[in-house]
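This report refers to the structure that appears directly beneath it.
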Amino acid sequence: MGSALLKGWIANGLGPVAIVETAPSPALRKFAKQNGVAVHKNVADADTRALKACVIALKPQILKTEAARLAGIAKSGALMLSIAAGTSTANLRKVWGPRARIVRAMPNTPGAIGRGISALFAGKNVRPSDRKLAQSLLAALGETVWVGHEDMIDIVTAVSGSGPAYVFLLVEALAAAAEAEGLPRVLAEKLARATISGSGALLDADPRKPGQLRRDVTSPHGTTEAALEILMAQNGLTQLLVRAVAAARARAVALRA
């Protein structure tokens with residue numbers, strides 16, 4: 001997500017930008033050099049005196065140990081924009097101080113091509129100008145929405161944050177089913193991939209509800225209806241996703257501990 005944000009900011013002329021990465025990849029170094037972006041291995045090496053915002057793109061387990069290194073930036077008045085799952089603003093304020101202005105966000109991986117969606121929550125002390133800045137930073141990945149309660153971020157994490165993995169699994173499963181019925185693997189994967197990506201594009205372009213689009217494909221007593229009787233059974237796809245999202249949300253909550 002950090003790399004996707006960086007590319008989006010550069011493409012949209014936002015900056016100047018500085019990166020702190022203890023082990024920058026060759027690709028990151030090359031991109032930074034080509035675009036005049038400074039890369040530092042330690043926060044202490046970067047000039048943080050005039051920062052407007054600090055975007056924290058760390059895994060929650062890493063943030064727990066590294067958050068203290070960012071306390072000086074938080075106390076300087078910079079907006080702290082965290083995209084770490086399961087890390088509450090209350091816990092971050094314990095490290096960064098009660099006056100820290102913190103926005104939590106949950107983007108997703110389609111942001112790498114500008115087709116993502118990010119949900120944001122404004123913590124205490126966040127000003128209207130901070131909200132505007134946070135939204136402009138996340139807009140580099142695609143759409144943005146605000147949630148009114150921080151607990152909703154855990155649900156967002158389980159739905160849109162983790163959701164791309166569910167879709168990719170669906171492609172794998174559909175391809176495997178096609179192969180089981182006798183199609184060659186390469187053709188099965190091509191059909192499954194194009195079907196899911198094309199259906200997503202249609203969903204994006206057509207304002208009608210998903211249920212209506214589904215019904216348009218489903219002829220009475222036809223092949224699609226036969227398949228949907230399996231997928232929409234009492235213990236079918238809907239209930240499976242309900243359990244999956246609940247498990248993901250529970251894990252996001254557990255990460256706070």
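Read-outs: derived from the displayed coordinates by stated rules, not from any lab. Small disclaimer: the values here were computed from a predicted structure and weren't measured. Cβ placement follows ideal geometry from the backbone for every residue including glycine, while neighbour counts extend to all protein chains displayed.
Going from the residue with the fewest nearby Cβ atoms within 10 Å to the one with the most, Phe121, Phe31 rank Phe31, Phe121. With 27 Å as the limit on Cα-Cα distance, the pairs of Lys59/Lys94; Lys41/Lys124; Lys7/Lys190; Lys33/Lys59 that go past it are Lys41/Lys124; Lys7/Lys190. Amide H contacts for Ser118 (H built 1.01 Å from N in the peptide plane; partners 5 or more residues away or on another chain; cut-off under 5 Å): Glu143, Thr144, Val145.
Considering only Leu237, Thr48, Leu203, the residue lying farthest towards the positive end of the dipole of the chain is Thr48, judged by Cα position with unit charges set on Cβ. Applying a length cut-off of 20 Å (Cα extent along the axis) and a mean Kyte-Doolittle floor of -1.0 to the DSSP H helices of the chain leaves 163-180, 185-205, 237-254. Loop-resident trypsin sites (Lys or Arg not before Pro) (DSSP state other than H, G, I, E or B) in the range 201-257 with no more than 15 further Cβ atoms inside 10 Å of their Cβ: Arg208, Arg256. Here are a few candidate values for Rg and Dmax of the Cα atoms in Å: [x] 21.4, 68; [y] 19.1, 60; [z] 22.6, 73. Which one was actually calculated from the structure I just gave you? Of the listed options [x] 21.4, 68; [y] 19.1, 60; [z] 22.6, 73, [x] comes from this structure.
The dipole here belongs to the range 93-206: it is taken about the Cα centre, uses +1 on the Cβ of Lys and Arg and -1 on the Cβ of Asp and Glu, and is about 940 debye.
Of the trypsin sites (Lys or Arg not before Pro) found in the range 1-59, those that fall in a DSSP loop while having at most 13 other beta-carbon atoms within 10 Å are Lys41, Arg49, Lys52.
Once the chain from Val95 to Glu225 is taken as fully extended at 0.36 nm per residue, the excess over their C-alpha distance is 41.3 nm.
About its Cα centre, the chain has a charge dipole of approximately 1320 debye under the convention of +1 per Lys or Arg Cβ and -1 per Asp or Glu Cβ, with nothing else charged.
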